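Below is one structure, written out as structure tokens, with a few remarks after it.
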Amino acid sequence: MGTLKRGQRGLKKLIAEPAENQAKLMEMLISMEAASLIAMTAKPPEPKDLSETDLALWHVGYRQTLTNLLGTILTMEDATLRTDAKALAAAYKELGKTKKAGHEEYQQD
Ligand code: HEM
């Protein structure tokens, strides 16, 4: 998650000028790609009051949300290679939304 945090912050400064920042953007996005895969296979702290079935669904949802995050990161890699600032800005917004959804649903207080 620390790598995701550094990545998300770093991206913000770079996405407006993808041609100038292409190498840096790719480096950051690739490290976030790896971090999202690691988070996806990690076992997050579980909520306490769920039935066995609901807990199984909770884990599926956690994984699915990180799959969405990974998809957005790959979209940003593609937009970087095409130097498409508009597509990068849209995907960056999506990244923030998925992060928010992931934390609301899966981060325990
Ligand atoms: C760009 C996207 C994201 C960023 C920048 C981010 C950042 C962070 C940070 C800084 C923390 C607290 C420190 C840490 O535990 O390392 C954290 C915790 C956490 N995040 Fe994320 N996150 C992102 C996406 C997600 C998504 C999509 C999910 C769920 C599907 C998620 C689930 C969690 C959980 C469960 C914790 C608590 C971990 C624990 O208590 O061990 N995050 N995240």
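The values are calculated or read from the model by the stated rules, or taken from the named source; none is laboratory data. Predicted model only: the values in this text are computed from it and were never measured. Quick reminder, even Gly has a Cβ in these numbers, built from the backbone with ideal geometry, and neighbours come from all protein chains shown.
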Query raised in the report: Residues in the stretch 91-105: is at least one over 15 Å from the mean Cα position of the chain (by Cα), modelled with pLDDT of 95 or more and within 18 Å of GLN8 (Cα to Cα)?
Result: no
Query raised in the report: Looking only at the stretch 1-29, which residues are among the aliphatic types (A, V, I, L, M) and away from the ligand (no atom under 14 Å from the Cβ)?
Result: LEU14, ALA16, ALA19, ALA23, LEU25, MET26
Report summary line: Residue pairs qualifying under the 6 Å Cβ cut-off, at least six apart or on distinct chains, with the first in the stretch 87-106 being under 18 Å from TRP58 (Cβ atoms) and the second being assigned to a helix (DSSP H, G or I) and within 9 Å of the ligand (Cβ to nearest atom), are THR98/ASN68; THR98/LEU69; GLY102/THR65; TYR106/TYR62
Requested in this report: Give just the number: which of (1) modelled with pLDDT of 95 or more; (2) out of contact with any helix residue (DSSP H, G or I) (no Cβ under 8 Å at 6 or more places or on another chain) does THR41 not satisfy?
Outcome: (1)
Report summary line: If we ask which residues in the stretch 65-74 are under 12 Å from GLY102 (Cα atoms) and more than 8 Å from the ligand (Cβ to nearest atom), their number turns out to be 1
Query raised in the report: Out of ALA23, ALA42, ALA34, which single residue is of a type in the set (Gly, Ala, Ser), closer than 15 Å to MET1 by Cβ and surrounded by fewer than 11 Cβ atoms within 10 Å (Cβ to Cβ)?
Result: ALA42
Query - Single residue of LEU81, LEU55, LEU69 found to be buried (at least 16 other Cβ atoms within 10 Å of the Cβ) and not aromatic (Phe, Trp, Tyr) - result: LEU69
